[in-house]
Amino acid sequence: MTKTRFLAAYYFWYFAAIGVFEPYLTPFWQHLGFPPAQLGLLNAIYPGVAAFAPFVWTAYSDLTRRREAIFLFNTWLSAGIALVLPNLTSVVPVALAFFAFAAFRTPLIPLANSMAFRVLAGSPHRFAAIRLWGTIGYILTAVGAGMLVDRIGLWAGMHGIAVATMACGVVAWIGQGRDRASFPKVHLRDFLELLRDRRLALLLAAASLARLSFGPYTIFFTIHLEGLGLSRTFAGVAWALAASSELLVMVLWSRLRGLASARTWLTLALGAHALRWLLSVPARDPVALLLIQTTHAFTFGVFYLAAVEQVDALAPEGLRATAQGLFASVTFGLSGLLGNALSGFLYAPLGMAWLYAGAGCVAAVGTTLYWAGTRGAAPAKRALVGGS
């Protein structure tokens, strides 16, 4: 896609689907009778596949220069699989279908991000103005799905994932470009140079620890709220409030970005992870729970915008999709896999409070690593493929 309006629409519908399955897929599986250990394993599938699929697909797209075709193919195939998912009731078929869904869906945002930064050329700070439409889509469906699920049930609500993903397919089809020839050729040495960049390695390590700390929240936040006697509608509002705080950052990012260096913004965002989880340990009051959700402005909004901009700046021309795929695979994939799996196994014996405490410690380590490791590092500057 080569127009910002199509990219904005794609982000809207992509994250609208997440607004359904992130808060409600685990409760749906719990409703089917799956125990906590199986819930943890099922939730580990998506980030587990995301640990390699985004990197593989984006690297393949850069090598073949067929980014648009791969993007469209993966979008429609993931939509078809989403139609099947709500109708499976045994753990093995659910696991296999969810694996396939993740394999085709997880590369889509890294591919979209690389397209967006390419369209924006020398104005990467404008990325937030496009990406914010994804947050809007998430907010609308998180609130709407909560009320809808309370009325019609989880099974019917799960079909919203397929509807939103099909809308993504329509947008990608209408907005597809014809720019294959404009992508430079890449070689193995270019991939190796990208992987050897110390600045990128530090960013990936710190970001991975931050995302690892999200495990308890991602899997059990809605269930935790229900255990406190709060409704699914309240859960939807809580998820949407977090996304709203993220939206505010995206609206203001073009102004905020110039107030501090990328290193400062990332350090603040990483530190906010530790603060968020430690505040969550004693929280039981609905108002306190909602106030803590506003820290999502930093733990996702600032964190994500600063990180993907830095990843794009560090990537050689011709490997911009690969760099975004690597970031997604390591940060949201591998770390999400470990965080979700550990949370699933530890939730029953430890409880949510201890999981939050552990998450806060992990996030603090990531913050310290990034702050100490990047002192004196050269700022990100785009390289050229082949070093030319």
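Consider Leu25 carefully, then state whether it is in contact with a Ser or Thr (Cβ under 8 Å, 6 or more places away or on another chain) and either β-branched (Val, Ile, Thr) or assigned to a helix (DSSP H, G or I) (or both).
Answer is no for this residue.
Return the pair list, or none, for Cβ contacts closer than 7 Å from residues in the range 83-97 that are over 14 Å from Phe21 (Cβ atoms) to residues that are part of a loop (DSSP other than H, G, I, E, B), at least 6 apart or on different chains.
Thr89/Leu32; Val91/Phe34
Checking Ala97 against (1) closer than 30 Å to Leu195 by Cα; (2) surrounded by 17 or more Cβ atoms within 10 Å (Cβ to Cβ), only one condition comes out false. Which one?
Going through (1) closer than 30 Å to Leu195 by Cα; (2) surrounded by 17 or more Cβ atoms within 10 Å (Cβ to Cβ) one by one, Ala97 breaks only (1).
Please report, ordered by residue number, the helices (runs of 4 or more DSSP H) entirely within the range 58-156 with at least 1 residues that are closer than 30 Å to Arg257 by Cα and among the polar types (S, T, N, Q).
108-120, 127-152
Can you find a residue in the range 188-201 that is crowded, with 17+ Cβ neighbours inside 10 Å and small (Gly, Ala, Ser)?
no
With respect to Ala328, determine if the residue is surrounded by 23 or more Cβ atoms within 10 Å (Cβ to Cβ), among the small types (Gly, Ala, Ser) and within 25 Å of Leu192 (Cα to Cα).
Against the criterion (surrounded by 23 or more Cβ atoms within 10 Å (Cβ to Cβ), among the small types (Gly, Ala, Ser) and within 25 Å of Leu192 (Cα to Cα)), Ala328 qualifies.
Mind listing whichever residues of the range 351-388 are at pLDDT below 90, over 30 Å from Ala313 (Cβ atoms) and not small (Gly, Ala, Ser)?
Met352
Taking Ala145 as meeting all but one of (1) modelled with pLDDT of 80 or more; (2) touching a Phe, Trp or Tyr at 6+ places or on another chain (Cβ under 8 Å); (3) crowded, with 23+ Cβ neighbours inside 10 Å, write down the number of the exception.
(1)
Mind checking which residues of the range 159-177 are at pLDDT below 85 and either under 22 Å from Ala59 (Cβ atoms) or part of a helix (DSSP H, G or I) (or both)?
Gly160, Gly175, Gln176, Gly177
The values are calculated or read from the model by the stated rules, or taken from the named source; none is laboratory data. Being a predicted model, the structure only gives us computed values, none of them experimental. In this analysis, Cβ positions are derived from the backbone assuming ideal geometry, glycine residues included, and neighbour counts consider all displayed protein chains.
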